[in-house]
Amino acid sequence: DVSPFFPDDAFSIQLKGDHFATLRSTFELTRPPVRAVLAVSGWHTMAVILNGTLVQECHQVPPDRIPEFADVGAWVTAGTNRIEVKIWSEWAPNLYLQLRLENPDGTFADVISDASWQGRPGATPGWPRGASPADAWSEVEEVDDYYGSRGVDRTWHQEFALMPRHMLAARMERHNRQ
């Protein structure tokens, strides 16, 4: 089972102005985790690169944005870790990401997508696997939280929080474009 948690602590972030974007963040660790589980969702095609290694590719179409999960512990190290997400979207590139890091003592820490991330518009050479440029990075816009409520309690999305994937897909089928 790759998903030991429900990823609802991150924020949707986006970078407007292009159909392509690279979003990035770094995080520090004093020791490698026992386990690292990545949950990622967004609009539309994404490639997640952790410390220079492609660890996840996915294509999602809203509104059915159940996160894709991957065990990425093999690529997380002690010291500085860099995570990049290269996105193509028909609209504005949008990302929701939570990385759960489980420590040997049973505690955990999360790396989340939020306003601290940086973004760069445009496709990079060799997209989505090519190296990212060193310049022209800017702030990203924090759009919303997992439940689509920006902290205001309401029912939209909450009904889906614990719904099995096959039931969610059936529930959302009429809303998805064919």
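The values are calculated or read from the model by the stated rules, or taken from the named source; none is laboratory data. This structure is a prediction, so every number in the text was calculated from the model and none was measured. Note: ideal-geometry Cβ built from the backbone for every residue, glycine included; neighbour counts use all protein chains shown. Surface accessibility is based on the protein's heavy atoms, side chains included, excluding ligands, DNA and RNA. Shrake-Rupley method; radii C 1.70, N 1.55, O 1.52, S 1.80 Å.
Whole number in Å², please: accessible area per residue of segment 62-113, 1.4 Å probe, ligands, DNA and RNA not counted.
With all protein chains present, segment 62-113 gives 39 Å² per residue.
For segment 16-61, count the residues as N, evaluate 2.2 N^0.38 Å, and divide the Cα radius of gyration by that value, please.
Dividing the Cα Rg of segment 16-61 by 2.2 N^0.38 Å gives 1.38.
Leaving out ligands, DNA and RNA, what percent of the accessible area of segment 1-145 is carbon and sulfur, probe 1.4 Å?
Summing carbon and sulfur atoms, their accessible area is 51 percent of the total for segment 1-145.
Rounded to the nearest 0.05, what FRET efficiency do Asn103 and Ile66 give with R0 = 30 Å and r taken as the Cβ-Cβ distance? Could you check?
With R0 = 30 Å, the Cβ-Cβ based efficiency is 0.65.
If packing is taken as the mean number of other Cβ atoms within 10 Å per residue, what is the order of 11-20, 85-94, highest first?
Packing proxy ranking, top to bottom: 85-94, 11-20.
Can you tell me which of 109-117, 122-130 comes out highest on packing, and rank the rest after it, using the mean Cβ neighbours within 10 Å?
Per-residue Cβ counts within 10 Å, averaged per peptide and sorted highest first, yield 109-117, 122-130.
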